[in-house]
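Just below is one structure, and these are the notes that go with it.
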Amino acid sequence: MEARRLAILCSHLNPSSPYPTRGSILGASDCTSGSSEDEKVESSNLQNDCVFCKILRGESPCIKLYEDDMCLCILDTSPLIHGHSLIIPKLHYPTLEQTPPSVVAAMCSKVPLISNAIVKATDSDSFNLLVNNGAAAGQVIFHTHIHIIPRKKRDCLWASESLRRQTLKLDKEATQLALRVREQLVQSS
């Protein structure tokens, strides 16, 4: 029964093969889609100086957890915690707002599958899903990516977890903020 569950999980992680080897899922990889020219990421859609684009072209190593035609999930090389992983699109988009909704949807659709596997593999209780969008928000690599950060109770990862939150005041300032956001949404549509 356990072997069947593993085979089913593996088929989700690597749809091209119903019974992949352990190495094809978790081993070090050049992170290209495959050996045929049809399956490799087009270099014209990637940036020369972007570390994620170098990974996608096979110029930099990574440890691959998941891959499909739209995105790749790898272990973070500077993890905040054991199991910290990144979902990156296979085409270069510097920020989230420059990433097409279909690409964001493809990346986000993999979060339940991948995060569940990471949480179980790391014996974690839960996870944080994080996007640093822009320099002021802590974005360091300007190629859209989603962080999956496994968490355990009392791991003290975020200093902000010890900060007391303030209750939102339902006042004129909050109402004006909501109006400005809604105006921006209307202008964007």
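Data table
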| item | result |
| --- | --- |
| Entries of Lys110/Lys169; Lys54/Lys110; Lys64/Lys110; Lys90/Lys153; Lys54/Lys153; Lys90/Lys152 with Cα pairs more than 25 Å apart | Lys110/Lys169; Lys90/Lys153; Lys54/Lys153; Lys90/Lys152 |
| Per-pair calculated FRET efficiency, R0 = 22 Å: Asn132 and Ala105 via Cβ, rounded to 0.05 | 0.65 |
| Residue-normalised accessible area of the stretch 42-183, expressed per residue, 1.4 Å probe, Å² | 62 Å² |
| Most positive-pole-ward Cα, Ala135, Val119, Gln166, against dipole of the stretch 42-183 from beta carbon charges | Gln166 |
| Total charge dipole magnitude, the stretch 42-183, about the Cα centre, Cβ charges on Lys, Arg, Asp, Glu only, Debye to nearest 20 | 540 debye |
| Full-stretch length increase - Lys153, Lys120 - with 0.36 nm per residue and alpha-carbon distance subtracted | 10.4 nm |
| Overall form of the stretch 39-128 per C-alpha gyration tensor (a/c, 1.5; a/b vs b/c) | prolate |
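The values are calculated or read from the model by the stated rules, or taken from the named source; none is laboratory data. Note that the coordinates shown come from a computational prediction; the quantities given were computed from them, not determined experimentally. As a convention, Cβ positions derive from the backbone with ideal geometry for all residues, glycine included, and neighbour counts pool all protein chains shown. For the accessible areas, the whole protein counts, side chains as well, though only heavy atoms, and no ligand, DNA or RNA atoms are used. Shrake-Rupley method; radii C 1.70, N 1.55, O 1.52, S 1.80 Å.
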